[in-house]
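First the structure, in the form of structure tokens, and then the observations on it.
The values are calculated or read from the model by the stated rules, or taken from the named source; none is laboratory data. Just so it is clear, the model here is predicted, and its values are computed rather than measured. When we count neighbours, we look across all protein chains shown, and the Cβ atoms used for this are built from the backbone with ideal geometry, even at glycine. We work out accessible area using only protein heavy atoms, side chains counted, and drop any ligands, DNA or RNA first. Shrake-Rupley method; radii C 1.70, N 1.55, O 1.52, S 1.80 Å.
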Amino acid sequence: MSCEVIVRRARDVDLKRRMELVRQGLSGYFWSAFVYFFFQELTLECCVLGAAVLFIFCGVSPALCCLVLPTAVAVVALGVSATHHALAHRQAQKIRGEVFGLVAEVCGVLLLSPGAGRLPIHIQLDFPNTSTPAYSLVIGTVSVSDVWGPSEEGWLHALVVHPEWRGRGVGCSLLAAARRISLQGPAAVGRSLRTVVSLLQPKAREALITSGWRNEGLYERPLCGAALTLPLERLLTTVPPDHYDL
């Protein structure tokens, strides 16, 4: 049996695996997030101020003041870990309330040895298969929900591909299938899809841009007032007018 990837609609039995992928995807950003937040001006200022207070007002020796740095490392690492845990829980709630979800499932005897290069990818949406192949593993997922409010738009989130299966077109295939369902058919959520990516998600942004999504602007999400923010990019994709009634 040859190895291939099937993009299909998600089923209830896929939820646990999808959440594992979301958690794994978030944990993959740990070091990038840690470096970004540790070297923020606010973090470094707190380190210097804390050491100065201990030395000047508390009479702590310079050697012990140096412990402020590893303490800051531990605090930032704990904060990033806790934030990722909270985001994973939030994504779980969003997936349960989605309009629809998709998964990429690799089937074949080679699934335990990913190897290199692209794999044949088939999008099968019209005739959902309720059976599970003898050799299969869900390696990617994406979710689409309604945008809050009366707009005719959908919100794409939880786009994740297992690290060992990236760079093979799986993410772009999930995006193509999500766009096809979102903008036409019984599960249509509108005539456009929106999403946001942070600077910590360059691979996700690359897949979106490759799939035809366009930039709609940048903004900063405050995490600790104006002193600590995370830059985000809005992305949008639409269906051409001549495809509205397909």
Every residue from segment 108-156 that is surrounded by 17 or more Cβ atoms within 10 Å (Cβ to Cβ), closer than 22 Å to LYS16 by Cβ and modelled with pLDDT of 85 or more: VAL138, ILE139, GLY140, THR141, VAL142, SER143, VAL144, SER145, LEU156
Within segment 84-106, considering residues that are free of Cβ contacts under 8 Å to residues at least 12 places away in the same chain and either among the aromatic types (Phe, Trp, Tyr) or open to solvent by 60 Å² or more (accessible area, probe 1.4 Å) (or both), the one farthest from LEU200 (Cα to Cα): GLN93
Cross-chain or 6+ apart pairs with Cβ under 7 Å, segment 38-59 first and in contact (Cβ under 8 Å) with a residue 60 or more places away in the chain, then surrounded by 10 or more Cβ atoms within 10 Å (Cβ to Cβ) and not in a helix (DSSP H, G or I): GLN40/LEU228; LEU42/CYS224; LEU42/ALA227; LEU42/LEU228
Residues that are more than 20 Å from SER81 (Cα to Cα) and surrounded by 19 or more Cβ atoms within 10 Å (Cβ to Cβ), drawn from segment 7-54: VAL7, ARG8, ALA10, ASP14, ALA51
